[in-house]
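Some notes on the structure that comes next.
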């Protein structure tokens with residue numbers, strides 16, 4: 001994992017592909033994976049106190065980046081098809 005991947009996603013892009021896009025998506029499709037990640041972020045925000053800890057904000061930011069990465073991968077797949 002590169003330092004950029006760690007800073008942006010908290011995991012490598014290979015891990016995103018294997019853990020989200022290949023395993024979970026095989027059951028429900030990549031669109032539903034993205035929707036699930038966004039729902040998780042909404043829930044994290046709803047459950048946090050108003051004085052959100054910086055580490056929690058960072059976790060949400062990274063999860064949003066994971067959702068965007070998956071969307072961009074989907075767009076690339078459609079363009080190359």
In a Gaussian network model of the chain with springs linking alpha carbons closer than 10 Å, the residue among 64, 45, 27 that fluctuates most is 27
In degrees rounded to 10, the 0-90 angle between helix 30-47 Cα long axis and the longest Cα principal axis of the chain is 0
Helix 54-80: inclination vs the chain longest Cα principal axis, degrees, rounded to 10, gives 10
Quick calc: nm separation of the 7 Å Cα→Cβ label points for residue 62 and residue 15 -> 0.7
Note to self, the chain gives a 222 nm [θ] from helices alone (DSSP H runs n ≥ 4, -39500 (n - 2.57) apiece, / all residues, nearest 500) of -23000 deg cm²/dmol
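Read-outs throughout are calculated quantities, based only on the coordinates presented, and are distinct from any laboratory measurement. Just so it is clear, the structure is predicted and the values come from calculations on it, not from any experiment. Glycine gets a Cβ as well: all are built from the backbone with ideal geometry, and neighbour counts include every protein chain shown.
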